[in-house]
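Working notes, beginning with the structure itself.
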Amino acid sequence: MSAQTHPASGQIAQGQIAPIHTDQAYNFAYLDEETKRMIRRALLKGLAVPGYQVPFASREMPMPYGWGTGGVQVTAACLTPDDVLKVIDQGADDTTNAVSIRKFFQRTAGVATTEQTTVATVIQTRHRIPETDLSEGQILVYQVPIPEPLRFLEPRETETRKMHSLEEYGLMHVRLYEDIARHGQIATSYAYPVKVEGRYVMDPSPIPKFDNPKLSQNAAIQLFGAGREQRIYALPPYTDVVSLDFEDHPFQASKADHACDLCGSNTAYLDEVIIDDAGGRMFVCSDTDYCSTRRAQGHVGRLGTAQEHVA
Amino acid sequence: MTLHSTPKPQTAPGPLLQVRGLEKRYGSRIGCTDVSFDLFPGEVMGIVGESGSGKSTLLNCLAGHLTPDCGQVIFDTRTAGPCDTVTMGEPERRMLSRTDWAFVHQNPRDGLRMGVSAGGNVGERLMAVGARHYGNIRDHALDWLSRVEIAAERIDDRPSAFSGGMQQRLQIARNLVTGPRLVFMDEPTGGLDVSVQARLLDLLRGLVRRMGLSAVIVTHDLAVVRLLADRLMVMKDGRVVEAGLTDQVLDDPQHGYTQLLVSSVLQV
């Protein structure tokens, strides 16, 4: 594959920076510079108009659509040799999607990687926002399957574009109405539609609605890339993001009503794990870095033991 | 038979809709041409003619679904007075079409969201103009379902579970919920059997009279215009060949084509 290989093995290996202009098979971070320039222009436009879906010429990536090709292209366009990359998939650093994308950038960009949220400068995420608060200077890149929040109500692209441009968002509430009519409450639990700066309605990618409040007034830059649908949108730091709701059915960020069984956290978003055939189950933090950090600090949950590593 | 309402109430300042020299061509062929008429508040205008005579083209031009090639469609808006809807901006026109205008399609599937419950269908226009209180929206929906004779317990059923007549009534409820002043109807009774047609016409007549609606009804069914319309326009080959009071046109047709049309109706 690439001419340089770097021993980036989950540890920060700063200073080992690949020279960019060499006779190598792949350009830094896989994409050629022209493509990156095109993506960066789209990113800048997205940041200038928060929540607006900017079309871009999405490239074929060496992975299937649905595996994060949009996020990967945005990450590739943002990476510099000094960056420290973290990749998470549903909050976890060690699942297939996260591992393969991290390896991809280790090989093609040679950047340092980390699992620590606080150390990372670029975080590519699939369907979660880290529990730890992000800070200024960090970039959070989301993988987006379907960027159009109105899509399942209005199949015509020409019509949804017009609805965005004329701010006709009544249809979004029809979806929430249907939820309440059928389930007695707003049952949408992920990809919960939001309104950005009082203007564009945006699909926040399939993050749980528990994470929606973290979209708003976030110090980090948030970039959204949809590879198959060829759209990029963005939230600059400290943007107002409001989850849509009804006056008599206000938005509620929900999570499983348990504490983490490993680290005892009451506030983190939880995954439910079946542990035997007798109906036994445990709840663990979906954010693995947050959970292991807490356990390293001595927090122990119902089923955890101090400092034990549970896969 | 037809109730003659006074075409112009004494206090009303002018027509609700003025159409002047409207023309729409498809290439070199004529869709409709040289159509002019006034529609006053509370008045129902029927447009009849055979298939391909330009009725639906005319209706779509009036409702802003098609852009006419020339002519004016001046609507008396609530805020700004008479405005030409052909030249007004698209946001304003779309706003009109979900507040002051309503459009009832021949096929209810064109006018309804089939994947959304009856209540959601009725509530959509309310939410489109800013209603954000679930309880109020639902009360409105229930009220309108009862007005169009749909049982309250069907509110959470999808239109695909409804009969054709119920779908058409639901479409009417969905359109009238925001209290429009002008309703465009394209063959509202098409595809329904006669007994269902009769009930629907009865319902429509009641709603139009009670709410003081103005309506433009396109149909090829002369019985429909006889029951609903105050005035009638007969179209042939994209042109209006005869216009006048409904009973006058139907009972004493002047133009050869109108005479043919009237005499073609089967007598039972």
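The values are calculated or read from the model by the stated rules, or taken from the named source; none is laboratory data. Given the structure is predicted, the values throughout are model-derived calculations rather than measurements. Virtual Cβ from ideal backbone geometry, glycine too; neighbours counted across all protein chains shown.
Tabulated data
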quantity: Odd one out for A:GLU178 among (1) under 25 Å from A:TYR238 (Cβ atoms); (2) within 13 Å of chain B (Cβ to nearest Cβ); (3) not aromatic (Phe, Trp, Tyr); calculated: (1)
quantity: Any hit, the stretch A:221-233, residues being of a type in the set (A, V, I, L, M, F, W, C), part of a loop (DSSP other than H, G, I, E, B) and surrounded by fewer than 22 Cβ atoms within 10 Å (Cβ to Cβ); calculated: no
quantity: B:ARG98 being within 14 Å of another protein chain (Cβ to nearest Cβ) and basic (Lys, Arg); calculated: yes
quantity: Count of residues meeting criterion [in a loop (DSSP other than H, G, I, E, B) and free of Cβ contacts under 8 Å to residues at least 60 places away in the same chain] in the stretch B:16-51; calculated: 2
quantity: Near pairs, Cβ below 7 angstrom, 6+ apart or cross-chain, from the stretch A:180-196 (under 23 Å from A:GLN217 (Cα atoms)) to any residue that is part of a strand (DSSP E or B) and hydroxyl-bearing (Ser, Thr, Tyr); calculated: A:TYR192/A:SER243; A:VAL194/A:SER243
quantity: Residues (among the polar types (S, T, N, Q) and surrounded by 15 or more Cβ atoms within 10 Å (Cβ to Cβ)) located in the stretch B:211-268; calculated: B:SER214, B:THR219, B:THR246, B:THR258
quantity: B:ARG94 vs. criteria surrounded by fewer than 20 Cβ atoms within 10 Å (Cβ to Cβ) and within 17 Å of the chain's Cα centre (by Cα); calculated: yes
quantity: Qualifying residue in the stretch A:239-259 (condition: buried (at least 17 other Cβ atoms within 10 Å of the Cβ), of a type in the set (S, T, N, Q) and more than 30 Å from B:ALA128 (Cα to Cα)); calculated: no
quantity: Pick from the stretch A:55-76, criterion of a type outside the set (Val, Ile, Thr) and crowded, with 24+ Cβ neighbours inside 10 Å, ranking: farthest from A:VAL122 (Cα to Cα); calculated: A:PHE56
quantity: Residue within the stretch A:131-143 that is over 16 Å from the mean Cα position of the chain (by Cα) and within 30 Å of A:SER292 (Cα to Cα) present; calculated: yes
quantity: Subset of the stretch A:140-167 (residues that are at pLDDT 95 or above and in contact with a Ser or Thr (Cβ under 7 Å, 6 or more places away or on another chain)); calculated: A:LEU140, A:VAL141, A:TYR142, A:GLN143, A:VAL144, A:GLU148
quantity: Residue count, the stretch B:103-124 (criterion: in a helix (DSSP H, G or I) and within 12 Å of chain A (Cβ to nearest Cβ)); calculated: 7
quantity: Qualifying residue in the stretch B:183-198 (condition: within 12 Å of chain A (Cβ to nearest Cβ), modelled with pLDDT of 90 or more, surrounded by 17 or more Cβ atoms within 10 Å (Cβ to Cβ) and touching a helix residue (DSSP H, G or I) at 6+ places or on another chain (Cβ under 8 Å)); calculated: no
quantity: Test: A:HIS164 is within 14 Å of another protein chain (Cβ to nearest Cβ), within 24 Å of the chain's Cα centre (by Cα) and under 23 Å from B:GLY123 (Cα atoms); calculated: yes
quantity: In the stretch B:130-141, the residues that are more than 7 Å from chain A (Cβ to nearest Cβ) and not polar (S, T, N, Q); calculated: B:GLY130, B:ALA131, B:ARG138, B:ASP139, B:HIS140, B:ALA141
quantity: Odd one out for A:SER216, checked against (1) surrounded by fewer than 22 Cβ atoms within 10 Å (Cβ to Cβ); (2) of a type in the set (Gly, Ala, Ser); (3) touching a helix residue (DSSP H, G or I) at 6+ places or on another chain (Cβ under 9 Å); (4) modelled with pLDDT of 95 or more; calculated: (3)
quantity: Residue, surrounded by the fewest Cβ atoms within 10 Å (Cβ to Cβ), within the stretch A:260-274, restricted to residues that are within 23 Å of the chain's Cα centre (by Cα) and among the aliphatic types (A, V, I, L, M); calculated: A:VAL273
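Residues are listed down the side, and each one gets a yes or a no for (1) within 14 Å of chain B (Cβ to nearest Cβ); (2) modelled with pLDDT of 95 or more; (3) in contact with a helix residue (DSSP H, G or I) (Cβ under 8 Å, 6 or more places away or on another chain):
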| position | (1), (2), (3) |
| --- | --- |
| A:GLY170 | yes, no, yes |
| A:ARG182 | yes, no, no |
| A:ILE186 | yes, no, yes |
| A:VAL194 | no, yes, yes |
